[in-house]
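Chemist: Handing you a structure now.
The values are calculated or read from the model by the stated rules, or taken from the named source; none is laboratory data. Since we're looking at a predicted model, the values are computed, not measured. All Cβ positions, glycine included, derive from the backbone under ideal geometry; neighbour counts span all protein chains shown.
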């Protein structure tokens, strides 16, 4: 298969990478695997918004997994990583690389590479490691220059734009915590 598998962390962060890749005539499938997003209501809200993006771009969205808060509460699992972000990247990119290899995609990449708030170098390191592990290819794109453009595109089509990365720990640390929790009650 000559398609690229694009791991999508959320709708807004997917807008620019998909637009960029389509401008290069890249055939792709979107891939949702984000068990890090909590609480479950937030996980569903982000998936629903990604479905809007898939429809907007007329792209296939492959949905794998569920919200797995238990991973985040397993101190042994977390302690095997240098940080919770490393754990999060590793868990998601491992699944993407495995799916890519087992379904004969030519390569994979991730929309995590659009955010200036993510550890870009760590994502790239892990993606290269996982590509080697599964015998597939990681296609590197530095999408960060398009971050604001993508956020504007998301606003134009009415996507929900979250105020924290997704994990339960980042929710607790967010300066918008109370506002976010209130939005769960209102929905």
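Chemist: Of the residues that sit in the range 46-77 and are assigned to a loop (DSSP other than H, G, I, E, B) and touching a strand residue (DSSP E or B) at 6+ places or on another chain (Cβ under 7 Å), which one is modelled with the lowest pLDDT?
Modeler: 64
This table checks each residue for (1) part of a loop (DSSP other than H, G, I, E, B); (2) at pLDDT 95 or above; (3) under 16 Å from residue 139 (Cβ atoms).
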| site | (1), (2), (3) |
| --- | --- |
| 5 | no, yes, yes |
| 14 | no, yes, yes |
| 17 | no, yes, yes |
| 26 | yes, yes, yes |
| 36 | yes, no, no |
| 43 | no, no, no |
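Chemist: Within the range 16-23, can one find any residue that is free of Cβ contacts under 8 Å to residues at least 40 places away in the same chain, under 19 Å from residue 87 (Cβ atoms) and surrounded by fewer than 21 Cβ atoms within 10 Å (Cβ to Cβ)?
Modeler: No, the range 16-23 contains no residue that is free of Cβ contacts under 8 Å to residues at least 40 places away in the same chain, under 19 Å from residue 87 (Cβ atoms) and surrounded by fewer than 21 Cβ atoms within 10 Å (Cβ to Cβ).
Chemist: Residue check: is residue 163 within 26 Å of residue 103 (Cβ to Cβ) and either surrounded by fewer than 16 Cβ atoms within 10 Å (Cβ to Cβ) or modelled with pLDDT of 95 or more (or both)?
Modeler: No; evaluated as a whole, the condition is false for this residue.
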